[in-house]
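Everything on this sheet refers to the single structure shown next.
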Amino acid sequence: MCDALRAIDQSVINYDLATKLVEHVCASMEPGAILVFMPGLAEISKLHERLGANPTVRAATGGGKYLIGLHSTLSTAEQRTIFEHPPGGVRKIVIATNIAETSLTIDGIKYVIDPGFCKQKSYNPRTGMESLMVTPTSQASALQRAGRAGRTSAGKCFRLYTAWSFQNELDPNTVPEIQRTNLASVILSMLALKLGSIEDFPFVDPPDSRFVKDGFRLLFELGAVNEKQQLSTLGRKLAKLPIDPRLARMVLAGAERGCLRDVLIVVSALAIQDPRDRPADKRQAADQAHQRWHDPDSDFVALLNLWHGIENARDALSGNQLRRWCREHYINYLRMREWHDTFRQLRQLLRDMDIEVPAPLPRDENESEE
């Protein structure tokens, strides 16, 4: 239906074609919900705006449209709306990330539109950085997406790329995460468990030797291994903390320098998704709400300010009131709870290592320990 996907670094999503195809389905095909796959929240918002502003998108019965986004950052209440049935004559259009491939099944999906892209986290050993990149999906993923159509009745899948692209440019299977991620954590765990040489370990999908060398280099820089790639005393401590070795090293350094509690708060935030929400259609309002915790000199201090602000709210408000406070201040309630859970879990692991996390300072006397 369009030009073939030519290169992995182009990652061009044809929004015009996706919009026209939704119009075509709504105008000329029998009733049934539409599922459109998009790589991430930004792409979902962009297509949502196009469809929402286009008055030609109507159900075949003459009713309106019911647009809804589906991604991993939705709250529990928002997730429930995914399964609601719109009024009669209204076409339900779900715009989702690949969370809709296998994680859940939405009743009533009759048509699937697949642009052929997804977001994958990839590690570059030359720069030592991970990035979330829009890349072409795999053949297996494309087939899985097609299977979402018509699970309860006959359905159709529209792919916004050619059959030639499917056969020649898409990988047969999605690249396993172990082949596109930093291996420092894997190597550290294997050394701590005495599983032998990582080069000789019978992985189902062996990682690239460059990634193995880079993992050992990072562990050596952290002091977790020696020149002979043997685990050090510090490395054994790092292996007891189930977070990135770099973050674990920050925690132990915080204990050495007398600022463990603040470092643990920051590390707990870095170990999860940012708890601050910034919806595409309300960015200015979200930025204004977050400004109260902003620090011009340090993003880490901003996270500490946010933590103390949330703790004060937790002490003063009940459960429902706290949820409302989070919405008003553009804080994701579920990620906020994950932040606190991560903090408590790491604090307990440190106590098991005979490293006590100091109590809150007097200026944070309202901070909750539970």
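So what's the convex hull volume per residue for the Cα atoms of region 29-177, in Å³?
Dividing the Cα hull volume of region 29-177 by its residue count gives 132 Å³.
If you roll a 1.4 Å probe over the heavy atoms of the protein chains, what accessible area per residue do you get for region 204-264, in Å²?
55 Å²
Per residue of region 304-319, what does 6.51 cos²θ - 1.76 cosθ + 1.60 with θ = phi - 60° give for ³J(HN,Hα)? Whole Hz please, x for Gly and Pro, Karplus curve as stated.
Couplings: 5, 4, 5, 4, 5, x, 5, 5, 4, 5, 4, 6, 8, 10, 7, x Hz.
Fully extended, how many nm does the chain gain between S209 and R126 (0.36 nm per residue separation, minus their Cα-Cα distance)?
Residue separation times 0.36 nm, minus the Cα-Cα distance, leaves 28.6 nm.
Note the angle between two axes, namely the Cα long axis of helix 15-28 and the longest principal axis of the Cα atoms of the chain, as a number of degrees from 0 to 90, rounded to the nearest 10.
Approximately 40 degrees, to the nearest ten.
Over region 245-370, calculate the relative contact order: mean separation of alpha carbon pairs under 8 Å at least 6 apart, over the residue count, as a percent.
31 percent
In cubic angstrom, how much convex hull volume per residue do the alpha carbon atoms of region 281-343 span?
Considering the Cα atoms of region 281-343, their hull volume per residue is 93 Å³.
Which value does Rg/Rh take for region 120-194 over its C-alpha atoms, Rh per Kirkwood?
1.15
By what distance, in whole Å, do the Cα atoms of region 99-145 stretch along each of the three principal axes, largest value first?
Principal axes ranked by extent give 46, 18, 14 Å for the Cα atoms.
Above 18 angstrom, tally the Cα pairs of region 94-246 and express them as a % of all pairs, no decimals.
I get 65 percent for the Cα pairs in region 94-246 exceeding 18 Å.
Whole angstrom only: what separates the Cα centroid of region 70-109 from the Cα centroid of region 200-261?
40 Å
Around E101, under 12 Å between beta carbons, what's the net of Lys plus Arg minus Asp minus Glu among the other residues?
Cβ neighbours under 12 Å give a net charge of +1.
Per residue, what volume in Å³ does the convex hull of the Cα atoms of the chain enclose?
Measuring per residue, one finds 175 Å³ for the Cα hull of the chain.
How much of the accessible area of the chain, in percent, comes from carbon and sulfur atoms when a 1.4 Å probe is used?
The computed percentage sits at 50.
Going by amide H atoms built from the backbone, whose H comes under 5 Å of the H on F158, apart from near neighbours?
HN-HN under 5 Å from F158: V112, I113, D114.
Nearest 0.05, what FRET efficiency do A42 and R257 give at R0 = 41 Å with Cβ-Cβ as r?
The calculated FRET efficiency here is 0.60.
What percent of all Cα-Cα pairs in region 237-366 falls into each 5 Å bin, going from 0 up to the bin containing the maximum distance?
Percent of pairs per bin, in order: 2, 10, 19, 22, 20, 13, 9, 4, 1, 0.
In region 174-242, which trypsin sites (Lys or Arg not before Pro) are in a loop and have at most 10 other Cβ atoms within 10 Å, using DSSP for the loop call?
K194, K228
Check L67: other-chain or 5+ apart residues with amide H under 5 Å from its amide H, H built from backbone geometry?
Here the answer is I93, since their amide H atoms fall under 5 Å of that of L67.
As I understand it, the value is the acute angle between the Cα axis of helix 245-257 and the longest principal axis of the Cα atoms of the chain; what does it come to in degrees, rounded to 10?
40 degrees
With all protein chains present and a 1.4 Å probe, how do D274, D295 order by accessible area, largest first?
Order by accessible area, largest first: D274, D295.
How high is the relative contact order of the chain, in percent, with contacts defined as C-alpha pairs under 8 Å that are six or more residues apart?
The value is 13 percent.
If you plug each phi of region 163-169 into the Karplus form 6.51 cos²θ - 1.76 cosθ + 1.60 with θ = phi - 60°, what whole-Hz ³J(HN,Hα) values come out, in order, with x for Gly and Pro?
5, 4, 4, 4, 7, 10, 10
The values are calculated or read from the model by the stated rules, or taken from the named source; none is laboratory data. The model shown is predicted, which means the values in this text are computed figures rather than measured ones. A quick note on method: Cβ atoms are made from the backbone with ideal geometry, for glycine too, and the neighbour counts reach across all protein chains shown. Heavy atoms of the whole protein, side chains included, go into the accessibility calculation; ligands, DNA and RNA do not. Shrake-Rupley method; radii C 1.70, N 1.55, O 1.52, S 1.80 Å.
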